[in-house]
Amino acid sequence: MDIGLLYDTFDAYPWADDDPPDADAEYEPAETVDTLAAAVEHLGHTPVRIGTAVDLRDQIGKQLSLDAAINITEGADSRNREAYAPILLEMAGIPCLGSDALTLSLTLDKAWTKDLVAAAEIPTPPHRVYSMPEAVDAEALPGAFPLFVKPRYEGTSKGITPESKVEDVAALRRAVERVTSTYDQDAIAEKFVAGGGEFTVAVVGHDPPEALPVLQRGVEPTTGLGLHALEHRGAPTADRDWEYELRGTLDSALEDRLHTLSLQAFEALDCRDFARADFRVDANGQPWFLEINPLPTFKPDDTFAIVAELMGRDYVDYLAEVFGRGLRRLGLK
């Protein structure tokens, strides 16, 4: 089969001087695309490198012939940006691995995601959405300080700095002002979960999905933030020499609980084939859902590659297995 690859590399979009410093943080290095192509070839199929949703739009209807597609495009400039490629593929009748456009738009919205997982009885910190700093009501906060403030429609820790953790109303308003003015979108503020560490869980497959071994993330001791959030591409703190510690203990009981919650979120949000869920654990050992990413990176040094190594699997071979399961879900051998 000819399988299209949809992706955004770091040089895929022109950026203006007034764009956020981490505007391209969610995009991919060339090594990720090479890994996707190698996994498709490992399955015995032919990878067709398409590129962005804009590239797909320009090629559909112009002798582009695909049997299926693998989509990890993030898009740009809209809260529906992650839905661009899946919608185009759906309109063209091309089966696509991964979650569909509705799930991708929903899960990019951190507020709606939290509302749905809370309705599914998955613990998630209470939150408020603010469109401007003047909207902060000191009498109706999402919880006691400290609170944590981030953009509503971003991933890969975009918009997160040490100032995202706030200790009073004045700092909350400053953080909301920074997010709304820099990223031109709402800010979401939630109760900051401290004490027991940070964890991420990859989920693959469908009917039933499978939760993979849990990974623990380093936490910077002075801010209490995940080290990955401070070091993400374009972050103003990315070049600092941060210390980190692994808080809490990842025992079998906690891993089982994280697996259960990840699978519940995966199914409640109608995810397909692959995703990554992030959690913080409090001082009492209670996990709290933060967010889920149905467009996880497949970089050869990130979550899925690390999990493959933990399982004693060659990464390309394991990724091919994940994609093969997705093809079978679509009715393709």
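Reported count of residues in the range 124-146, each being closer than 30 Å to Thr73 by Cβ and either within 18 Å of the chain's Cα centre (by Cα) or open to solvent by less than 20 Å² (accessible area, probe 1.4 Å) (or both), is 3.
Kindly indicate whether Thr9 is out of contact with any helix residue (DSSP H, G or I) (no Cβ under 9 Å at 6 or more places or on another chain) and of a type in the set (Ser, Thr, Tyr).
When the stated conditions are applied, Thr9 does not pass them.
Restricting the range 79-123 to residues that are hydroxyl-bearing (Ser, Thr, Tyr) and open to solvent by less than 40 Å² (accessible area, probe 1.4 Å) leaves a set whose member that is nearest to Met1 (Cα to Cα) is Ser99.
Considered as a group, the residues in the range 24-49 that are among the aliphatic types (A, V, I, L, M) and over 22 Å from the mean Cα position of the chain (by Cα) include one that is farthest from Arg81 (Cα to Cα), and that residue is Leu43.
Yes or no, residue by residue, for (1) touching a residue at least 40 places away in the same chain (Cβ under 8 Å); (2) in contact with a His (Cβ under 8 Å, 6 or more places away or on another chain); (3) of a type in the set (Phe, Trp, Tyr):
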site: Thr180; (1), (2), (3): yes, no, no
site: Ile188; (1), (2), (3): yes, yes, no
site: Phe192; (1), (2), (3): yes, no, yes
site: Gly197; (1), (2), (3): yes, no, no
site: Glu231; (1), (2), (3): no, no, no
site: Pro236; (1), (2), (3): yes, no, no
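Give the residue, chosen from Phe298, Phe266, that is open to solvent by less than 30 Å² (accessible area, probe 1.4 Å) and not in a loop (DSSP other than H, G, I, E, B).
Phe266
Condition first: of a type in the set (A, V, I, L, M), open to solvent by less than 10 Å² (accessible area, probe 1.4 Å) and touching a residue at least 40 places away in the same chain (Cβ under 8 Å). Now tell me which residues in the range 31-44 satisfy that. Leu36, Ala39, Val40, listed by residue number.
Does Val204 meet the test of being over 24 Å from Tyr318 (Cβ atoms), open to solvent by less than 20 Å² (accessible area, probe 1.4 Å) and not polar (S, T, N, Q)? When the stated conditions are applied, Val204 does not pass them. Among strands (runs of 3 or more DSSP E) entirely within the range 45-148, having at least 3 residues that are within 30 Å of Leu172 (Cα to Cα) and in contact (Cβ under 8 Å) with a residue 40 or more places away in the chain singles out 127-130. Restricting the range 230-259 to residues that are under 17 Å from Ala194 (Cβ atoms) and in contact with a helix residue (DSSP H, G or I) (Cβ under 8 Å, 6 or more places away or on another chain) leaves a set whose member that is least open to solvent (accessible area, probe 1.4 Å) is Leu230.
The values are calculated or read from the model by the stated rules, or taken from the named source; none is laboratory data. Model, not experiment: these values are computed from the prediction. Reconstructed Cβ throughout: ideal geometry from the backbone, glycine too, with neighbour counts over all protein chains shown. Heads up: the accessible areas ignore ligands, DNA and RNA and are worked out on the full protein's heavy atoms, side chains in. Shrake-Rupley method; radii C 1.70, N 1.55, O 1.52, S 1.80 Å.
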